[in-house]
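What follows is a short report on a single structure.
Please treat every number below as a calculation from the coordinates, not as lab data. Everything numeric in this text was worked out from a predicted model, so none of it was measured. Heads up, the Cβs are rebuilt from the backbone with ideal geometry, glycines too, and the neighbour counts pull from every protein chain shown.
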Amino acid sequence: MPHRIVFSDIDGTLLNSQRELSDFTISEIKRIKDTIPVILISSRMPSAMTHLQEELQITNQPLICYNGGLILVNKKPIHSTFISLDILEALNDFNRNQKVHLSLYHNDDWYVPEMDFWANREAQNTKVNPVVKSTQYVLNEWKKQNKGAHKIMCMGEEGYIDNTYKFLVDTFGEELHLYRSKPTYIEIAHKSISKLTAIKILLNIHFDIPISEALAFGDNYNDIEMIKAVGMGVAVANAKSETKEVANVVTLSGKENGVAMYIKNNIK
């Protein structure tokens, strides 16, 4: 089956141990990019992905952000699904006694209540600086503008995160994707979206390429659906065991340029 389009996760998959693109990865993607579209697909916000697009010289390609919650073509949204204000307000009320850092994301806006340890670490990892505003202020503004969150990131001590996770599962489990990427993190998105739903939308309305001719790279639980569904699903060696089990192929780890090595050996 030909590889007519490539989708790649970023963190844990495409980046090296310095959380950057290696020269090898850049050169291999540049080699194929004019004949095979390469699409970045991540839980990140747009501006945490566009600098990588620039390095790879693929700024002409769409972006799939927030695990499928936002799809951009020519920097404009063609699909947007966000979490409602009712849920955001309930979480903010619950958090008054929990001391969990709440990062709120909408399109290319990232709001934090303060530049604490968690905000600084995310800023360093993603090379994006947030706007400091109280959570209540942001919710009040979004209410006027009929906006919600494409993603919520809860970060904090494990005990507080445990409490918050239980509250969200018990109260909004039918409406939210709750992804515990680390014991101190919860990534929250709308239940109706995933990387796979975004891939299907983009293939159908923008590329007209069957999913059987798509190649996808990933490492984590939120990559499982897309790796199972595409024609060639590739897991990096550092992937979760459940992700590797559904993959057609396991390549080298992200830190060992697994994506670039697969491309070099399989796309001429």
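Put simply, when 145-154, 173-182 are sorted by average Cβ atoms within 10 angstrom per residue, most first, you get 145-154, 173-182. Extension gain for GLU141 to LYS264 (0.36 nm times residue separation, less C-alpha to C-alpha distance): 39.5 nm. Stretching GLU157 away from ASP170 to a fully extended chain increases their span by 2.7 nm, per 0.36 nm per residue minus the current alpha-carbon distance.
Summing charges over neighbours of ASN97, with a neighbour being any other residue whose Cβ is under 15 Å away from its Cβ, gives 0 when K and R count +1 and D and E count -1.
Quick check on region 40-132: what does the Kirkwood estimate of hydrodynamic radius come out to from the alpha carbon pairs, in Å? One decimal place: 14.4 Å for the Kirkwood radius. A cut-off under 13 angstrom between Cβ atoms defines the neighbours of ILE267, and their net charge, with Lys, Arg +1 and Asp, Glu -1, is +3.
For a modelled paramagnetic label at ARG19, 7 Å from Cα along Cα-to-Cβ, the residues of region 113-141 in reach, with backbone nitrogen under 15 Å, are 116-130.
Listed by chain and number, the aspartates and glutamates placed with their C-alpha closer than 15 angstrom to that of LYS200 are ASP208, GLU213, ASP223, GLU225; residues fewer than eight positions away on the same chain are left out.
Provide the packing ranking of 238-246, 64-72, i.e. peptides ordered by the mean count of other C-beta atoms within 10 Å per residue, highest first. Kindly include the intermediate steps, with their values, before the conclusion.
Details: 238-246: 17.2, 64-72: 26.7.
The peptides rank, most packed first, as 64-72, 238-246.
Other residues with beta-carbon under 12 Å from the beta-carbon of ASN60 carry, at +1 per Lys or Arg and -1 per Asp or Glu, a net charge of 0.
Charging the Cβ of each Asp and Glu at -1 and of each Lys and Arg at +1, and nothing else, the dipole of the chain about its Cα centre rounds to 500 debye.
Computed over region 85-190, the quotient of the alpha carbon radius of gyration and 2.2 N^0.38 Å is 0.99. The shape of region 1-64 can be summarised by an equivalent ellipsoid whose semi-axes, obtained from the alpha carbon gyration tensor, come to 17, 14, 11 Å from longest to shortest.
Expressed as a whole percent, the proportion of Cα-Cα pairs in the chain lying more than 30 Å apart is 26%. Normalised by residue number, the volume inside the convex hull of the Cα atoms of region 101-259 is 147 Å³ per residue.
Take every Cα pair under 8 Å in the chain that's 6+ residues apart, average their separations, divide by the length, and report that relative contact order as a whole percent. Computed over the chain, the figure is 22 percent.
A Cβ-based charge dipole, computed about the Cα centre of region 85-190 with Lys and Arg at +1 and Asp and Glu at -1, lands at about 240 debye.
Hey, with R₀ at 51 Å, roughly what FRET efficiency would SER134 and THR35 work out to, going by the Cβ-Cβ distance, to 0.05?
Details: r = 49 Å, r/R0 = 0.96.
Calculated value: 0.55.
In plain terms, the chain from ILE211 to ILE78 could stretch by 46.0 nm, reckoned as 0.36 nm per residue minus the Cα-Cα distance.
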